[in-house]
1. Using θ = phi - 60° and the Karplus form 6.51 cos²θ - 1.76 cosθ + 1.60, what ³J(HN,Hα) does each residue of the range 54-62 get, whole Hz, x for Gly and Pro?
2. Quick one: 76, 23, 90, fewest Cβ neighbours within 10 Å first, how do they rank?
3. Add +1 for every Lys or Arg and -1 for every Asp or Glu among the other residues with Cβ under 12 Å from the Cβ of residue 84, and state the total.
4. For a footprinting-style exposure proxy, rank 71, 19, 31 by other Cβ within 10 Å, fewest first.
Amino acid sequence: MRAALQLQTKLTDAERTTIEQQTVSILGKTIPPQNPQGSERVGVGLRSKRETLSFTCLTALASDNRFPLVIVITGTSIPLFQQSVRRLRTDLRIDNPESHAWRWQFFQNPNLRQNT
């Protein structure tokens, strides 16, 4: 998560700290993936001024904590959806896997026919 935050050069240190604390708080309300009791883990964030950065950091932190699957549902319009996709790909460096330890499989608008 810190790597994703460091890419945000327009943030102050205080803003980075706030986003990090909020992200840890959201993930802390879920069931850890190592817990054998229950298979569902849900993190729900609040709408914020930096909403895309918020769910990007939550995705990165979940990956850092070995959550095996992260689903992001975003975009109330095509332009907002496209913006979110671009930001996720950039901030999580999805298209440059050599630059990080995360393993991503990115499915944009998946449907049943894609998996057959």
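1. 4, 6, 5, 5, 5, 4, 5, 5, 4
2. Values: 76 7, 23 25, 90 14.
Ordered by Cβ neighbours within 10 Å, fewest first: 76, 90, 23.
3. Details: positive: 86, 87, 89; negative: 51, 91.
That works out to +1.
4. Numbers: 71 8, 19 22, 31 14.
Fewest-to-most Cβ neighbours within 10 Å comes out as 71, 31, 19.
Every read-out reported here was derived from the displayed coordinates using simple, explicitly stated rules and does not represent laboratory data. Predicted model, so just to flag it, every value in this text is computed and none were measured. Note that we place each Cβ from the backbone using ideal geometry, even for glycine, and neighbour counts take in every protein chain shown.
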